[in-house]
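The values are calculated or read from the model by the stated rules, or taken from the named source; none is laboratory data. Owing to the predicted nature of the structure, the values given are computational and were not obtained by experimental measurement. Cβ coordinates were reconstructed from backbone atoms using ideal geometry, including for glycine residues, and neighbour counts include every protein chain displayed.
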Amino acid sequence: MVRVLGISIGPQIAWALATLVALRLTVFKVRGVVPDVPVSHAISSSPASTNFTPPFHTSGRHILDSEGESIKLASINWYGASDVNFVPSGLDVRHRDEIAQLIKQLGFNSVRLPYADEVVVRNPVVNRSLLSANGDLLASTTDVGKPRALEVYHAVVESLTKAGLMVIVNNHITQATWCCGIDPCDIVWYNDWLAGGIFCRVPQSEEQWIRNWETIMQPLAKNPLVIGADLRNEPRGLWGTLDWDDWATAAERASERLLNINPSWLMIVEGISSANDLSGVRDRPIRLTRPNRVVYSAHVYKWSGWGQLYPFSKRSYPDFAAAMNWNWAYLLTEEIAPVWVGEFGTPGTPSAGDRNYWSHLVQFLAEVDISWGYWALNARKPTGDTESYGLVGDGWDWQSVRWDARLEDLRGLGLNFSL
């Protein structure tokens with residue numbers, strides 16, 4: 001027998017379920033009508049925090065620093081260490097210190113830095129060409145000339161915090177690849193229900209997942225600007241079937257172990273249904289032995305909205321706002337806990353659906369005045385294709401920044417930069 005999200009079933013049935021996932025079978029509910037694209041309007045909220053004194057804790061809807069000042073995160077996602085190349089992108093073009101300074105100049109105060117469990121389990125040697133602008137890493141690694149993924153990851157964290165940026169470490173996926181597809185090996189934090197890992201390149205139990213977290217965080221325990229752990233990216237079960245209680249229980253186990261390493265870290269817990277749904281927190285909050293440690297996280301994209309015919313790209317603003325309030329914003333208005341919208345984004349050249357989603361989201365984020373994290377900084381995807389959501393071009397410098405409406409809208413959400 002094997003375990004599928006807490007249920008014991010035979011391996012043949014488990015793989016049949018996975019096959020159904022691959023066929024993308026789902027049931028839709030009709031909701032709303034397709035609206036016209038609204039005219040965007042200027043709206044702004046409080047600025048991102050530029051002065052802060054770690055460590056941090058929570059109180060009601062707020063993240064507070066050690067002096068009791070409210071902290072607003074304006075984060076950027078810098079990906080690559082969760083993908084097939086095992087390291088954050090751009091290190092072949094610019095030194096990591098220069099990229100950190102660029103992020104700072106753009107007005108972000110924090111970075112969400114994803115990693116894959118495979119990086120921890122295998123700690124593979126990194127292709128030297130991917131670090132051609134970081135020669136010091138080639139010369140200073142333990143095995144000279146053969147830099148390993150974990151060494152590079154930790155070096156990038158040090159460069160970011162040296163620039164005064166807060167860092168949120170994120171466990172993005174199990175097997176290093178572009179996230180997030182329908183591979184059942186990666187949809188949750190464990191995959192040992194798949195016949196003991198026969199079908200997965202990187203088999204992983206829940207205990208292994210927690211040990212991986214301990215491995216990656218232990219060397220960062222004394223860095224005051226490593227502020228916490230985003231425990232798992234977009235847990236979603238078999239096509240949206242994950243139960244909140246299963247995830248909450250696992251998040252508590254991992255959090256307790258990490259807080260034994262550093263009791264001051266924030267534990268960031270994403271919603272289910274690809275981080276879109278935190279409605280279960282109302283009846284079943286995360287409970288830790290150390291108080292005031294939990295920040296919840298939602299992701300909102302134009303295609304978000306599991307099990308409904310109309311994604312957010314086709315909603316009216318009242319319908320969109322109602323979904324946000326039901327899914328996660330009630331945690332703010334009822335002073336239950338802080339929420340960080342850790343991923344959202346749109347192309348530099350948006351479609352009508354992109355514009356509809358984006359204008360609604362920007363308006364809502366400003367109205368609730370929330371911490372956020374834009375996806376993404378990157379110029380290109382691991383395939384070499386242009387990252388249409390990215391904010392920098394191939395130069396990974398100020399001259400290559402994509403100065404379009406997105407950055408102006410982020411400034412309305414508190415991003416601190418000046419031209």
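Some values worked out for this structure:
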| quantity | calculated |
| --- | --- |
| Every residue from segment 308-319 that is assigned to a loop (DSSP other than H, G, I, E, B) and either touching a Ser or Thr at 6+ places or on another chain (Cβ under 7 Å) or free of Cβ contacts under 8 Å to residues at least 12 places away in the same chain (or both) | Pro311 |
| Residues (free of Cβ contacts under 8 Å to residues at least 40 places away in the same chain and at positive phi) located in segment 271-292 | Ser273 |
| Residue match in segment 121-144 (condition: over 19 Å from Val84 (Cα atoms), of a type in the set (Val, Ile, Thr) and in a helix (DSSP H, G or I)) | no |
| Selection count where residues are buried (at least 19 other Cβ atoms within 10 Å of the Cβ), modelled with pLDDT of 90 or more, part of a loop (DSSP other than H, G, I, E, B) and not aromatic (Phe, Trp, Tyr), scope segment 188-218 | 5 |
| Per-region count, segment 170-187, residues in contact with a Pro (Cβ under 9 Å, 6 or more places away or on another chain) and modelled with pLDDT under 85 | 1 |
| Near pairs, Cβ below 7 angstrom, 6+ apart or cross-chain, from segment 108-128 (over 23 Å from Ala74 (Cα atoms)) to any residue that is basic (Lys, Arg) | Asn123/Arg148; Pro124/Arg148; Val125/Lys146; Val125/Arg148; Val126/Arg148 |
| Filter result (closer than 25 Å to Leu91 by Cα and loosely packed, with under 14 Cβ neighbours inside 10 Å) within segment 362-394 | Thr383, Gly384, Asp385, Asp394 |
| Unmet criterion (only one of (1) surrounded by 15 or more Cβ atoms within 10 Å (Cβ to Cβ); (2) modelled with pLDDT under 95; (3) part of a loop (DSSP other than H, G, I, E, B)) for Trp303 | (1) |
| Scan of segment 392-412 for residues that are farther than 25 Å from Ser359 by Cβ and not in a helix (DSSP H, G or I), ordered by number | Asp394, Gly395, Trp396, Asp397 |
| Some residue of segment 94-101 being more than 17 Å from Thr161 (Cα to Cα) and in a helix (DSSP H, G or I) | no |
| Pro114 being at pLDDT 95 or above, within 18 Å of Ala229 (Cβ to Cβ) and assigned to a loop (DSSP other than H, G, I, E, B) | no |
| Of residues in segment 25-42 being outside any strand (DSSP E or B) and touching a Leu at 6+ places or on another chain (Cβ under 9 Å), the one modelled with the highest pLDDT | Gly32 |
| In segment 354-391, residue farthest from Val84 (Cα to Cα) [restricted to those that are of a type in the set (D, E, K, R) and part of a loop (DSSP other than H, G, I, E, B)] | Asp369 |
